[in-house]
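Single-structure report; data block below.
The values are calculated or read from the model by the stated rules, or taken from the named source; none is laboratory data. Since the model is a prediction, treat every value here as computed from it, not as a measurement. Note: ideal-geometry Cβ built from the backbone for every residue, glycine included; neighbour counts use all protein chains shown.
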Amino acid sequence: LTLQHAAKGRFILGLGAGEAENLAPYGLPVDHLVARCRESLQVIRLLWSTPDPVDFGGEFFTLKRASLELRPLQKQPPIWLAAHRPKMLELTGRYCDGWIPHDLSLERWTTGLAQIRESARAAGRNAASITPGMFVNSVIDSTHAAAHSALEQAVVKVGALSLDATVWADAGGVHPLGPTHKGIVDYMPNDLMPERAWELINAISWDVLHGLFVHGTPEEVVETLTPYVDAGCREIVFQNFTALARPARVLQSTGAFLRTARLLHRL
């Protein structure tokens, strides 16, 4: 709420079930992540809904006459959920205002959106009030050759290891950490010794890598993403790996990225 006030209302609370890298090293629980997420959403909505003290008795959280002195600015901040599997998709439809999954194929994205809308209707909500989006790992540059050069760099391949095994399967490959790997939910880079990390990186084939990242010129990237827009996607959050992979091309890549954003806004 402090950020919502500081931003004069232009604030979105983005949540997910949790990432192993941000939990396990600090002694935070990594079990029952979806159930914890559900209760977190219930507690947040409850505290935002009234200035009066509230009680809550859950499996993971307990409130006894708890209240927030700072109130939402005009209206509650929208909550967007990073959801990929059925239980999290159900939570999105029941409690949230937006959906921001990570690098889904068009088929998985449209199926997920349908599940969210079904969940919203079952909860008595207006399904159309939930904004569909997507978080996109990308390699964008002024030429396709430059994008390919960045795509081959080790830092991009490290990013590929954090993707869900289903994303790998859709790209025609098997995740090096196993076919059931849940991406950032499971990924613990600090547990990988350098030799093992390089072994995994070097095992990533070009054909699979080519399918894991949205890449190319602004026009090519927009062409790739247009079917998502046509299917209802209204917000795209880019993580552009080009500057990390090729620092010397940061100006060209930034220019290409801004052009991509302008082209998408015209759709």
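Here are some notes:
- Looking across LEU68, LEU113, one residue alone is among the aliphatic types (A, V, I, L, M) and either assigned to a loop (DSSP other than H, G, I, E, B) or free of Cβ contacts under 8 Å to residues at least 40 places away in the same chain (or both). It is LEU68.
- Criterion (in contact with a Ser or Thr (Cβ under 7 Å, 6 or more places away or on another chain), surrounded by 19 or more Cβ atoms within 10 Å (Cβ to Cβ) and in the same structural domain as GLN115 (by TED's automatic domain parsing)) met by exactly one of LEU81, LEU70: LEU81
- Filter result for THR92 (exposed (fewer than 13 other Cβ atoms within 10 Å of the Cβ) and either outside the structural domain of THR110 (by TED's automatic domain parsing) or of a type in the set (Val, Ile, Thr) (or both)): no
- Put simply, of ALA169, ALA154, ALA145 the only residue that is without any contact (Cβ under 8 Å) to a residue 12 or more places away in the chain and more than 19 Å from the chain's Cα centre (by Cα) is ALA145.
- Among the residues of segment 1-27, the ones that are assigned to a loop (DSSP other than H, G, I, E, B) and either in contact (Cβ under 8 Å) with a residue 12 or more places away in the chain or surrounded by 11 or more Cβ atoms within 10 Å (Cβ to Cβ) (or both) come to 10 in all.
- Among (1) within 24 Å of THR111 (Cα to Cα); (2) modelled with pLDDT under 95; (3) aliphatic (A, V, I, L, M) - the single one LEU244 does not satisfy: (1)
- None of GLU19, GLU69 is out of contact with any Asp or Glu (no Cβ under 7 Å at 6 or more places or on another chain), acidic (Asp, Glu) and within 30 Å of LEU192 (Cα to Cα) except GLU19.
- Flag if LEU91 is touching a strand residue (DSSP E or B) at 6+ places or on another chain (Cβ under 8 Å) and in a helix (DSSP H, G or I): yes
- Against the numbered list (1) in contact (Cβ under 8 Å) with a residue 24 or more places away in the chain; (2) more than 26 Å from the chain's Cα centre (by Cα); (3) under 24 Å from PRO29 (Cβ atoms); (4) surrounded by 13 or more Cβ atoms within 10 Å (Cβ to Cβ), GLU59 comes up short only at (4).
- Residues of segment 176-205 classified as on the phi < 0 side of the Ramachandran plot and either within 24 Å of the chain's Cα centre (by Cα) or not assigned by TED's automatic domain parsing to the domain that holds ALA147 (or both), total: 19
- Selection count where residues are modelled with pLDDT of 95 or more, closer than 27 Å to PRO247 by Cα and surrounded by fewer than 19 Cβ atoms within 10 Å (Cβ to Cβ), scope segment 156-175: 0
- Residue list for segment 109-142, filter: of a type in the set (Val, Ile, Thr), surrounded by fewer than 22 Cβ atoms within 10 Å (Cβ to Cβ) and over 16 Å from the mean Cα position of the chain (by Cα): THR111
- Members of segment 42-56 that are under 28 Å from the mean Cα position of the chain (by Cα) and of a type in the set (A, V, I, L, M, F, W, C): VAL43, ILE44, LEU46, LEU47, TRP48
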